[in-house]
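The values are calculated or read from the model by the stated rules, or taken from the named source; none is laboratory data. Since the structure is predicted, the reported quantities are computational estimates derived from the model, not experimental observations. Cβ placement follows ideal geometry from the backbone for every residue including glycine, while neighbour counts extend to all protein chains displayed. These area figures cover heavy atoms from the full protein model, side chains too; ligands, DNA and RNA do not enter into them. Shrake-Rupley method; radii C 1.70, N 1.55, O 1.52, S 1.80 Å.
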Amino acid sequence: MRCVVAKKPGGADQLEVVELPKPIPASGELLIRVHTTALNRTDILMREGKTGYVSNPIIGVEIAGTVVEINGVSPFSIGDKVMGLVNGGGYAEYVVMPIDRAMKIPESFTFEEAAAIPEVYLTAYQTLIWIGKLQEHETVLIHAGASGVGTAAIQLAKKLCKAKVIVTAGAIEKLDFCQSLGADVIINYKEQAFDQEVLRATNGQGVDLILDFIGADFWAKNLTSIKVDGRWVLIGVLGGAQIEKVNLFEIMMKRIQLTGTLLTPRSDEYKSRITNEFISTVTPYFERGEVFSVVDKIYPLEQVAEAHKRMEDNLNIGKIILQVKK
């Protein structure tokens, strides 16, 4: 089968399409013929050799495709269209997936649209609901609002919780798109002091919840933006991981709950539980067209390096897709 590996840890130029044997499903697994896969920041870390939690040399953690083999008791049949998270190996013509992590693709969705769902929507659901405990009519600040997770989080916050959504992004076209998804307040962090805009939008109270992809660069402004007893979920460190002169007393004074999380290194059991709750809670919204995946640009597998560069340059609005099946 064709698949993508990194010749050695490094930049996008290290990615290459090679031929490797297709995997064999173990007990409790499906073999999937992959039609499409989608890019994630985890894929860049895999390429750079910086993840200690994905052992598969083939890059990629989410796919959409058709079931071609079943090993075990399964609600699926050969030929069913499924999407879901895999333990590496997504940039390939075939991949194995635990049966209890597979999700049926909604009838109206293309494979390209389906591949844009699993990682970002499960991450958004995890950070908003499981960890962030967002309640109805609360206010949430979502950084990187036009990213894959950001676009999913905006929609889930509005539909599941009727929340007031404040987003940041660095380009007007990204902010306009966030507004079209339902964001109530849009802030260009390159031109505006987002903490002051947040306070203005919340009558000086701050937000109940922050979804933070940025880390160090936004630390001080996030402290200003969050209300007393607020929750703050750290899900990325695009703006750096090291913070100097942190005053922990500020965390204590506001009684802030700060939680760091990653989805990819979670256990199979955890991913199964969140997948199944997500299916029962969110699938009806997909079927009614009330939430949807956001596809930025589609590349053939052979242009994987170009796709990675687009993500690294922060040009995408939503998900970058790789077409695997010719």
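Cross-link candidates for residue 8: which aspartates and glutamates have Cα within less than 16 Å, leaving aside residues fewer than 8 places away along the same chain?
Counting by Cα, and skipping residues close in sequence, residue 8 has these aspartates and glutamates nearby: 16, 43, 48.
What pairs in 221/271; 81/297; 22/326 have C-alpha atoms more than 26 Å from each other?
Table pairs above 26 Å Cα-Cα are 221/271.
Gaussian network model of the chain, Cα springs within a sub-10 Å range: biggest mean-square fluctuation belongs to which of 116, 163, 26?
26
To check you understand DSSP bridge types, tell me what percent of the beta bridges within the chain (both residues inside) are antiparallel, rounded to 5.
55 percent
Work out how much length residue 180 to residue 252 would gain on full extension: take 0.36 nm times their residue separation and subtract the Cα-Cα distance, in nm to one decimal.
Gain in length upon complete extension: 22.2 nm.
Using Cα springs under 10 Å in a Gaussian network model of the chain, which residue among 239, 215, 150 shows the largest mean-square fluctuation?
Taking springs between Cα atoms under 10 Å, the residue moving most is 239.
Take the chain, connect every pair of alpha-carbon atoms lying under 10 Å apart with a spring to form a Gaussian network, then pick out the residue of 127, 261, 151 with the largest mean-square fluctuation.
Comparing 127, 261, 151 in a Gaussian network model of the chain, the most mobile one is 261.
Going Cα to Cα from residue 254, which aspartates and glutamates come in below 12 Å? Please leave out same-chain ones fewer than 8 positions away.
Filter leaves 208, 229.
If the limit is 28 Å between Cα atoms, which of 162/245; 159/227; 162/309 go over it?
From the list (162/245; 159/227; 162/309), the Cα-Cα distance tops 28 Å for 162/245; 162/309.
Counting pairs of alpha carbon atoms under 8 Å apart in space and at least six apart in sequence, what relative contact order in percent does the stretch 8-166 give?
21 percent
Once you have a ≥ b ≥ c as the square roots of the Cα gyration tensor eigenvalues for the stretch 119-259, tell me rounded if a/c is under 1.5, and otherwise prolate or oblate according to whether a/b is larger than b/c.
Rounded, since a/c falls under 1.5.
In the chain, what percent of the accessible surface is made up of carbon and sulfur (1.4 Å probe, ligands and nucleic acids excluded)?
50 percent
Efficiency by 1/(1 + (r/R0)^6): what FRET value for residue 108 and residue 244, r their Cβ-Cβ distance, R0 = 35 Å, to the nearest 0.05?
0.10
Using alpha-carbon pairs under 8 Å, 6+ residues apart, how would you state the relative contact order of the chain in percent?
Computed value for the chain: 18 percent relative contact order.
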